[in-house]
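J.: First, the structure itself, so that you have it in front of you.
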Amino acid sequence: MTNPQIDYAAMAAQWRAERETTLKATRAELIAQLRALGINEVTAEYEGYGDSGNVEDVNVQPAEVKLPEALVTAVGDFAWSLAYHYHPGFENNEGGYGTLTWYIAADSITLDHADRYVECSHSYDEGL
C-alpha cells in the first residue's frame, strides 16, 4: 500500500536532479584529467543482468596512452552511472548492455544501449 503523504514522483524527480548534478561534476573532473593526458576518445563497454553488472572494458585513443588504474576505475564508474541514469534498472532480470563513447575534444558522449527482454507467445485452445 502506498503512503498518500509521500509524493513519489517528486522524490524520483529530486533523485534524478541530484544524479544529474553529480554526473555533471564528475564529467568536468574527468575530462580535465583525460585532456591533460592527451586522450581524444574514451570507449567503455558495460554489461548488466541478474541484478548486477559492471563495466567490462575501458579503452582510450590514442591507444598508446595508458591511464592510471584509478582513472580507469573512475571512468568506468562514470560510464556505469551515466548508463544507469538514462536506463535505470537495466541490470535487472535479463539485463542490458552497451557502449559509451566519449569524444573528448567536443565533450560529446554517445550511449549505444540495448535492453534484453523475454518475449512469450502464448495460446490456449480448448475443445478442439
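The values are calculated or read from the model by the stated rules, or taken from the named source; none is laboratory data. Since we're looking at a predicted model, the values are computed, not measured. All Cβ positions, even for glycine, are placed from backbone atoms using ideal geometry, and neighbour counts span all protein chains on display. Side chains included, ligands, DNA and RNA excluded: accessible areas come from the protein's heavy atoms. Shrake-Rupley method; radii C 1.70, N 1.55, O 1.52, S 1.80 Å.
J.: How do the peptides 95-104, 31-40, 112-121, 14-23 rank, highest first, by the average count of neighbouring beta carbon atoms within 10 Å per residue?
T.: 95-104, 31-40, 14-23, 112-121
J.: Now a separate question. Between ASN93 and HIS122, what is the spin-label point distance in nm, taking each point 7 Å from the Cα along the Cα→C-beta axis?
T.: Once both label points are built, they end up 1.3 nm from each other.
J.: Here is a follow-up. Give me the number: length gained by fully extending GLN14 to SER52, i.e. 0.36 nm times residue separation minus the C-alpha to C-alpha distance, one decimal in nm.
T.: Values: separation 38, 0.36 × 38 = 13.68 nm, distance 2.43 nm.
Stretched fully, the GLN14-SER52 segment lengthens by 11.2 nm.
J.: In the chain, carbon and sulfur make up what percent of the accessible area (probe 1.4 Å)?
T.: The nonpolar share, carbon plus sulfur, comes to 51 percent.
J.: Let me ask something additional. Work out how much length ASP7 to ALA36 would gain on full extension: take 0.36 nm times their residue separation and subtract the Cα-Cα distance, in nm to one decimal.
T.: Once the chain is fully extended between ASP7 and ALA36, it gains 6.0 nm.
J.: What is the set of long-range amide H partners of ASN93 at a cut-off below 5 Å, with H atoms built 1.01 Å from backbone N?
T.: Counting only residues 5 or more places away or on other chains, the set is GLY50, ASP51.
J.: State, as an integer percentage, the relative contact order of region 74-128 based on alpha-carbon contacts under 8 Å between residues 6 or more apart. Numbers along the way, then the final one.
T.: Details: 40 pairs, mean separation 15.3, N = 55.
The normalised contact order for region 74-128 reaches 28 percent.
J.: Can you tell me the 0 to 90 degree angle between the C-alpha axis of helix 8-36 and the longest principal axis of the chain, rounded to 10?
T.: For 8-36 against the chain, the angle is about 30 degrees.
J.: Here's another thing I want to ask about it. For the chain, what relative contact order do you get, as a whole percent, if you take Cα pairs closer than 8 Å and at least 6 residues apart?
T.: The value is 25 percent.
J.: What is the sum of charges around GLU56, taking Lys and Arg as +1, Asp and Glu as -1, for the other residues whose C-beta is under 12 Å from the C-beta of GLU56?
T.: Its environment carries a net charge of -3.
J.: Enumerate the calculated ³J(HN,Hα) couplings along region 66-75 in order (Karplus 6.51 cos²θ - 1.76 cosθ + 1.60, θ = phi - 60°), each rounded to whole Hz, writing x wherever the residue is Gly or Pro.
T.: Each residue of region 66-75 in turn: 9, 6, x, 4, 5, 6, 4, 5, 5, 5 Hz.
J.: Each residue of region 41-46 in turn: what ³J(HN,Hα) in whole Hz from Karplus with 6.51, -1.76, 1.60 and θ = phi - 60°, glycine and Pro shown as x?
T.: These are the phi-based 3J(HN,Hα) values: 8, 10, 10, 10, 9, 10 Hz.
J.: Can you tell me, using C-alpha contacts under 8 Å and at least 6 residues apart, the relative contact order of region 5-59 as a whole percent? Intermediate values should be presented prior to the final figure.
T.: Numbers: 24 pairs, mean separation 11.2, N = 55.
Taking the mean separation of contacting Cα pairs over the length of region 5-59, I get 20 percent.
J.: For an R0 of 25 angstrom, estimate the FRET efficiency from the Cβ-Cβ distance between ASP107 and THR73 and round to the nearest 0.05.
T.: About 0.75, to the nearest 0.05.
J.: Quick one: length gained pulling ALA28 to TYR86 fully straight, 0.36 nm per residue minus the C-alpha distance?
T.: In short, 19.0 nm is gained.
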